[in-house]
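Peer 1: Quick one: structure below, then a few questions.
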Amino acid sequence: MCGIVGYVGDRSALPILIEGMERLEYRGYDSAGVAVVNGDMTVARKAGRLSELEAELEGRDLPGLLGIGHTRWATHGAPTDENAHPHRDCSGKIALVHNGIIENHDVLKARLVGEGHTFMSETDTEVAAHLIESILQERSCSLLEAVLEAVNVLEGAFALVCINSDDPDRIIVARQEPPIIVGAADGVGLVASDIPALLAHTRDVIPLDNRQVAEVSRGSVRVFDFAGEEVTVEPVHVEWNMEAAEKGGYEDFMLKEIFEQPDVVRDTLRGRVDREGRVKLDEVHWDDETLRRISKVVVVACGTSFHSGMAAKHSIEHYTRIPVELDLASEFRYRDPVLDETCLVIGIAQSGETADTLAAIRFAKEMGAKVVAITNVVGSSITRDADAVLFTHAGPEIGVAATKTFLAQLVALNLFALYLAQQRQSMDPAKTAETLTALQALPEQVEEVLRSQGEVHRAAKRYADASDVIFIGRGVGTAVALEGALKLKEISYIHAEGYPAGELKHGAIALLEPGVPVVAVLTGAKLYDKMLANIEEVRARGADTILVAPQGDERARALANELFEVPVTKPLLSPILDTVPLQLFAYFIAKERGLSPDKPRNLAKSVTVE
Ligand code: F6R
């Protein structure tokens, strides 16, 4: 989850590193550091946000054409100056940055201390610097060879980026699990843990494969497997441009990303519906017979992606009549699930790097299941582990709280469910065409929801001081309620809980008292009256009601303290509209409370540890 950058070229490395780190700060931000080579190795590190490091560096001259930088999200060792990366060996000539966890660091540290190495931090990372130093001393080999040997000794997950002041022409990069991307352009060598940090320099990037090592020098990249065999790699061309990764005039990335959602829905649908009203998914290469043999679908995901999976369960079961199980990826493989080759596992991860989701789909593959991934990131780990990949075309999502990727996932999952139904002939083609027409109307309907941001802002002002907010829904509305609660708690730090509305009276209703806001999602025609009954129960306890309801619904208006109206669509597609005012609600409340919605405390954009 940490952010990594590396540069070797003909310009001063430091400003390039800092700029890249700014673009990656969303990956982790409890401390930051840089190492620059100019004859000697100079390192600067600082606890806190990147701005603290920048203040520390002000007025200091740190020339050098080779350097690495890191923004940290702590796993081992508190976020202090000493634990901030880069870490060095005893000689101070080797510096490295790391994302992941080195699981055998204790054993290695004991061995290295026995050999006389002195450790300066509490991190697991530092062991790698001393290990490489020890190999270099023993073998008098190159840094590349030393890293190739070290990666076979280190256990756990690591994206490691290493430099040596005795060799100012190259950066050595190693990957075991967490993503790392390398690139070369016009006399420049580049490294980053994510694409936005590279876009200023190149659009042709090489995401390293698992268990690969790269030697990055000016204008060239060589890639090796862990056995030291050189492998041929092709760069991936990234369509995103710099503006896409910038805020584009919005105060925060989160707001920008919420407002990008009409385009995101459009882009995710683009090219996937043909003129005859059929779904066209070229990425899914299984033949119809294989699709007909699917006996069970299992959806695995975490956080917001889990909520899109929760809504998708309804669509898949309704359209295809295939039973769907839904699992939190972190629980899935520990419950001894029943899987075979007739099972289809859908792994959802906007980042494509969530460690639990990757582990879950790998486990599913070992059990013989087929795996399809839904992700937003080209070249991410999940794309390599899955049998088929359906990309959500949401563009880079910088805000830590997932918004546009959630909507894109809902669209992709509904398309996939319709595709399964179409190929298995489990749905009347006229109904498929009708649902696709409803999907295609969504971008404009999302625009309409966004136009009513004023009402949401007013409600946010009214409830910004709440200490608890309860969210309820039924059917697919439950997924919206859970997502609304997650958005609110993660960026506003208000305690928020989402419940299926029918469950309220089995416990959570005890929390209700006058003034407590209850957000109710009124979707799904057949559940409408039941939701109204639940809303009456809430009102009877004196709680306030904030209702997400179909436009022009007078019954809802009569029961609402605040009303967020949304256009009408098919019930199974309604989360794509109903979620939007709740994203805005969370955003405006966070702003009212003076918080930074893009960088909520303790959270990271891609969760690459279990
Ligand atoms: C919430 C949020 C997280 C992620 C979760 C899974 O706003 O962003 O809950 O949804 O960490 O991330 P991915 O989708 O990358 O697997």
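The values are calculated or read from the model by the stated rules, or taken from the named source; none is laboratory data. This is a predicted model, so every value here is computed, not measured. With ideal geometry, Cβ positions are generated from the backbone for all residues, glycine too; neighbour counts draw on all protein chains shown.
Peer 1: Among the residues of segment 428-446, write down those that are in contact (Cβ under 8 Å) with a residue 12 or more places away in the chain and either among the small types (Gly, Ala, Ser) or surrounded by 16 or more Cβ atoms within 10 Å (Cβ to Cβ) (or both).
Peer 2: Thr432, Ala433, Thr435, Leu436, Ala438, Leu439, Ala441, Leu442, Pro443, Gln445, Val446
Peer 1: Follow-up. Checking the structure you have, find out if any residue of segment 62-76 is in contact with a Cys (Cβ under 8 Å, 6 or more places away or on another chain), at pLDDT 95 or above, crowded, with 23+ Cβ neighbours inside 10 Å and not aliphatic (A, V, I, L, M).
Peer 2: yes
Peer 1: Given Glu490, Glu497, Glu503, which one is of a type outside the set (S, T, N, Q), under 24 Å from the mean Cα position of the chain (by Cα) and closer than 20 Å to Leu532 by Cα? Lay out the reasoning, then the answer.
Peer 2: Working: Glu490 fails: closer than 20 Å to Leu532 by Cα; Glu503 fails: under 24 Å from the mean Cα position of the chain (by Cα).
Just a single option satisfies the conditions, and that option is Glu497.
Peer 1: Can you name every residue in segment 339-358 that is hydrophobic (A, V, I, L, M, F, W, C) and either within 12 Å of the ligand (Cβ to nearest atom) or part of a strand (DSSP E or B) (or both)?
Peer 2: Quick first cut of segment 339-358, residues hydrophobic (A, V, I, L, M, F, W, C) only: 339, 343-346, 348-349, 355, 358.
Cys343, Leu344, Val345, Ile346, Ile348, Ala349, Ala355, Leu358 - these are the residues of segment 339-358 that are hydrophobic (A, V, I, L, M, F, W, C) and either within 12 Å of the ligand (Cβ to nearest atom) or part of a strand (DSSP E or B) (or both).
Peer 1: Under 6 Å by Cβ, and 6 or more places apart or on different chains, what pairs join a residue from segment 251-275 that is closer than 19 Å to Asn414 by Cβ with one that is of a type in the set (D, E, K, R) and not in a helix (DSSP H, G or I)?
Peer 2: Arg272/Lys280; Asp274/Lys280
Peer 1: Still on this model: Checking the structure you have, find out if any residue of segment 28-47 is part of a helix (DSSP H, G or I), in contact with a helix residue (DSSP H, G or I) (Cβ under 6 Å, 6 or more places away or on another chain), closer than 18 Å to Ala192 by Cβ and touching a residue at least 40 places away in the same chain (Cβ under 8 Å). Before you say what the answer is, go through the steps one by one.
Peer 2: Filtering segment 28-47 down to residues part of a helix (DSSP H, G or I) leaves none.
Looking through segment 28-47, none of the residues is part of a helix (DSSP H, G or I), in contact with a helix residue (DSSP H, G or I) (Cβ under 6 Å, 6 or more places away or on another chain), closer than 18 Å to Ala192 by Cβ and touching a residue at least 40 places away in the same chain (Cβ under 8 Å).
Peer 1: If only one of Leu512, Leu603, Leu577, Leu595 is under 30 Å from Ala301 (Cβ atoms) and more than 16 Å from the ligand (Cβ to nearest atom), which one is it?
Peer 2: Numbers: Leu512 fails: under 30 Å from Ala301 (Cβ atoms); Leu603 fails: more than 16 Å from the ligand (Cβ to nearest atom); Leu595 fails: more than 16 Å from the ligand (Cβ to nearest atom).
Checking each option against the conditions leaves just Leu577.
Peer 1: Taking segment 365-409, which residues are at pLDDT 95 or above, closer than 20 Å to Ser193 by Cα and more than 11 Å from the ligand (Cβ to nearest atom)?
Peer 2: Those that are at pLDDT 95 or above, closer than 20 Å to Ser193 by Cα and more than 11 Å from the ligand (Cβ to nearest atom): none in segment 365-409.
Peer 1: Also, I was wondering about something else. Restricting attention to segment 568-576, does a residue exist that is of a type in the set (Val, Ile, Thr), more than 23 Å from the chain's Cα centre (by Cα) and more than 14 Å from Val411 (Cβ to Cβ)?
Peer 2: So far as segment 568-576 goes, yes, one or more of its residues are of a type in the set (Val, Ile, Thr), more than 23 Å from the chain's Cα centre (by Cα) and more than 14 Å from Val411 (Cβ to Cβ).
Here is a yes/no grid of residues against (1) modelled with pLDDT under 95; (2) under 21 Å from Asp225 (Cα atoms); (3) outside the structural domain of Glu103 (by TED's automatic domain parsing):
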| residue | (1), (2), (3) |
| --- | --- |
| Leu131 | no, yes, no |
| Glu145 | no, yes, no |
| Glu149 | no, yes, no |
| Asn152 | no, yes, no |
| Ser165 | no, no, no |
| Val173 | no, yes, no |
| Gln176 | yes, yes, no |
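Peer 1: Could you tell me which residue of segment 298-337 is nearest to the ligand (Cβ to nearest atom), considering only residues that are part of a strand (DSSP E or B) and free of Cβ contacts under 8 Å to residues at least 60 places away in the same chain?
Peer 2: Ala301
Peer 1: Let me ask you something else. Based on what the data block shows, is Arg362 outside any strand (DSSP E or B), at pLDDT 95 or above and either of a type in the set (D, E, K, R) or within 24 Å of Leu603 (Cβ to Cβ) (or both)? Step through it out loud before you land on a result.
Peer 2: Values: outside any strand (DSSP E or B): yes; at pLDDT 95 or above: yes; either of a type in the set (D, E, K, R) or within 24 Å of Leu603 (Cβ to Cβ) (or both): yes.
For Arg362, the condition - outside any strand (DSSP E or B), at pLDDT 95 or above and either of a type in the set (D, E, K, R) or within 24 Å of Leu603 (Cβ to Cβ) (or both) - is met.
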